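To start, the structure under review is shown below, and the notes come after it.
The values are calculated or read from the model by the stated rules, or taken from the named source; none is laboratory data. Here the structure is a predicted model, which is why all the values come from computation and not from measurement. Counting neighbours? That spans all protein chains shown, and the Cβs are built from the backbone with ideal geometry, glycine included.
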Amino acid sequence: MIERARDIVTFDNVGLRYGTDREVLSDVSFTLHPGSFYFLTGASGAGKTSLLKLLYLAQRPSRGVIRLFGTDTVTLPRKRLPAFRRRLGVVFQDFRLVPHLSAYDNVALPLRVSGVREGDIAKPVNDMLEWVGLSHRREARPATLSGGERQRVAIARAVIGRPDMLLADEPTGNVDPEMALKLLRLFEALNRLGTTVVVATHDVHLLRKVSGSMIMRLDKGRLSDPTGALRYPPRRENAG
Amino acid sequence: MSVEKPPVVKGSTAKGIARFGGNRAAALVPQARLAGPMPWVMAIMIALTVIAAAGGMALTNLTRGAQGELSGAVTVQILAAQPQEKARQADMAEKALAELPQVTGLRIVPQSELDELLEPWLGKSSTGDLAVPIPALIDVQLRGSASEGQLAELRAALTSVAPDARVDAQSGWLQPVFGAIEALQWLALALVAMLATISAAAVWLAARSALGSNRDTIEIVHLLGGTDAQIARIFQRSIGFDAAAGGAVGLAIGMVALSVLGSRFAALGSGLMANGGLRPLDWLVIAAIPFVGVAIAMLTARLTALAALRRML
């Protein structure tokens, strides 16, 4: 059983290195509050994707403690990780859609993996495809979709299971500014429903477009938190 | 694209109760089916296993049949040179043996039958005045097998009435043949074991190859919360289908081969070979070989997939 916690994520002195190379993340400490909206910024190679990998449990840190939904996931047996992953929605930078499945089946995948009955899948998936404006492309394979359409399928797949936390890696990197703004509005809509959102981006123009969002800035693997808002986030009345 | 409010998946719906399996799960891994090498490798393995197993079981039946027939059979030879003395001792021996409780049947082999048996080697000359002296033979059937103790009792009973009698168990003559057949049985068993091992190795390679070529999809399913068991089940099912198709083809090929071999051996018309047929239970065992093959393939695929997945986070 995954315990409910006030803080959705806590990083404490986390370091990550691949093999024997230098650390790509060093002494990273922060806390993410339920229902908040975060931008993770930094130059290319600053460690944004590595930090997201730690968040969506694709990687274990080399040192430090990570608590997700109140549970230490660093020492958690790997057989218990799927239950945590099902509470996360991830929009990958390269979409990572299954190439031989239709848009419909890609969006339905998290529900099927979670054991939802086939009869209960059609409506939410069709609704979700309609929400992202892809009802007419439900049978299309990813290879026949445009970059923006693939992006929206990836977002629909990430949010179909109503995750507690949505992680998006450069979600606007492959779309035009107009589409980028639309995608951001989708994330805001989800955030208003209580989902914690973390968007990694190097597009500084996006940061001003979501009111009340907090900014995490990575510089050469170190997180700057000059105000202390990440480590000691302010209490929010409507959160949780 | 609407941005008002995302559709809601009901909490009750999100609770997993259905197993992620069947065609929907199988669709995650592209299926080559008969276009891939796996079914054909399995077909060859199953066909060879069917032939080896059938050969082993036929040899077992042959040995059992021959041993059953010969186990209580004893030959008494009267080796006297003089024909009159030979005939006298044969009559006396027949009477003495008939009184023994362990003897269930006996007969003096007629001279005509002996002449017929020896004619291919000695020709007609064995029957004239210049004939080679042939011992008188008495076929004796004992209750139970002809043990050394039983043979000693027969010899004791004949010592006084037929001093030129020699008593031999018939099974003893065929002991080297039975030894050779037993070696062939072990060879058949070893072949079946080797073929099962090779089949498992082929499945292991196929499963590893499939895991490698579908690594991206596996990672996606993993990151969406898929468990090792769910992913392993997909590969297990895929390999199971390939093995089942290969097993059916292999069984058909094996049966054709058995039919041809059976007709060839039947044409020999040898008394010994007559015992070497397959019984109903043997056919059941042969029919079960593809199912065992599918089970081994699925188990191997599952273990291979689980071992590979354990190396992922």
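Brief remarks follow.
- Residue that is surrounded by the most Cβ atoms within 10 Å (Cβ to Cβ) [pool: residues in region A:90-99 that are facing another protein chain (nearest Cβ under 9 Å) and either over 26 Å from A:H33 (Cα atoms) or free of Cβ contacts under 8 Å to residues at least 24 places away in the same chain (or both)]: A:L97
- Subset of region B:72-113 (residues that are hydroxyl-bearing (S, T, Y) and under 25 Å from B:T159 (Cβ atoms)): B:T75, B:T104
- Among the residues of region B:216-230, just one is small (G, A, S) and either more than 7 Å from chain A (Cβ to nearest Cβ) or surrounded by fewer than 20 Cβ atoms within 10 Å (Cβ to Cβ) (or both), namely B:A229.
- When B:E99 is tested against (1) touching a helix residue (DSSP H, G or I) at 6+ places or on another chain (Cβ under 7 Å); (2) not assigned by TED's automatic domain parsing to the domain that holds B:S263; (3) not small (G, A, S), only condition (1) is not met.
- Once region A:134-149 is narrowed to residues that are free of Cβ contacts under 8 Å to residues at least 40 places away in the same chain and surrounded by fewer than 16 Cβ atoms within 10 Å (Cβ to Cβ), the residue that is nearest to B:T227 (Cα to Cα) is A:E139.
- Within the option set A:S114, A:S102, being free of Cβ contacts under 8 Å to residues at least 60 places away in the same chain, within 17 Å of B:V221 (Cα to Cα) and within 9 Å of chain B (Cβ to nearest Cβ) holds for one residue only, A:S114.
- Top-ranked residue in region A:119-129 [being within 7 Å of chain B (Cβ to nearest Cβ) and either over 18 Å from A:A140 (Cβ atoms) or free of Cβ contacts under 8 Å to residues at least 12 places away in the same chain (or both); ranked as farthest from the chain's Cα centre (by Cα)]: A:D120
- Any chance B:G144 is buried (at least 20 other Cβ atoms within 10 Å of the Cβ) and either on the phi > 0 side of the Ramachandran plot or touching a Cys at 6+ places or on another chain (Cβ under 9 Å) (or both): no
- Members of region A:146-177 found to be within 11 Å of another protein chain (Cβ to nearest Cβ) and β-branched (V, I, T), listed by number: A:I155, A:V159, A:I160
- Any hit, region A:27-41, residues being within 22 Å of B:I220 (Cβ to Cβ), surrounded by fewer than 18 Cβ atoms within 10 Å (Cβ to Cβ) and of a type in the set (S, T, Y): no
- Total residues in region B:164-173 satisfying the condition of being surrounded by fewer than 17 Cβ atoms within 10 Å (Cβ to Cβ) and among the aliphatic types (A, V, I, L, M): the figure is 0.
- Residue identified as away from chain A (no Cβ under 14 Å), in a helix (DSSP H, G or I) and more than 30 Å from B:A146 (Cβ to Cβ) among B:W186, B:W204: B:W204
- Residue match in region B:245-260 (condition: modelled with pLDDT under 90, of a type outside the set (V, I, T) and touching a Gly at 6+ places or on another chain (Cβ under 7 Å)): no
- Checking each residue of region A:36-55 against the condition of being in a loop (DSSP other than H, G, I, E, B), modelled with pLDDT of 90 or more, more than 8 Å from chain B (Cβ to nearest Cβ) and within 20 Å of B:L309 (Cα to Cα) gives no match.
- Close pairs (9 angstrom Cβ cut-off, 6 or more residues apart or separate chains): more than 7 Å from chain B (Cβ to nearest Cβ) and under 24 Å from A:N13 (Cβ atoms) in region A:72-89, crowded, with 18+ Cβ neighbours inside 10 Å and among the aromatic types (F, W, Y) anywhere: A:T73/A:F84; A:L76/A:F84; A:F84/A:F69; A:L88/A:Y56
- B:G262 being free of Cβ contacts under 8 Å to residues at least 60 places away in the same chain and touching a strand residue (DSSP E or B) at 6+ places or on another chain (Cβ under 9 Å): no
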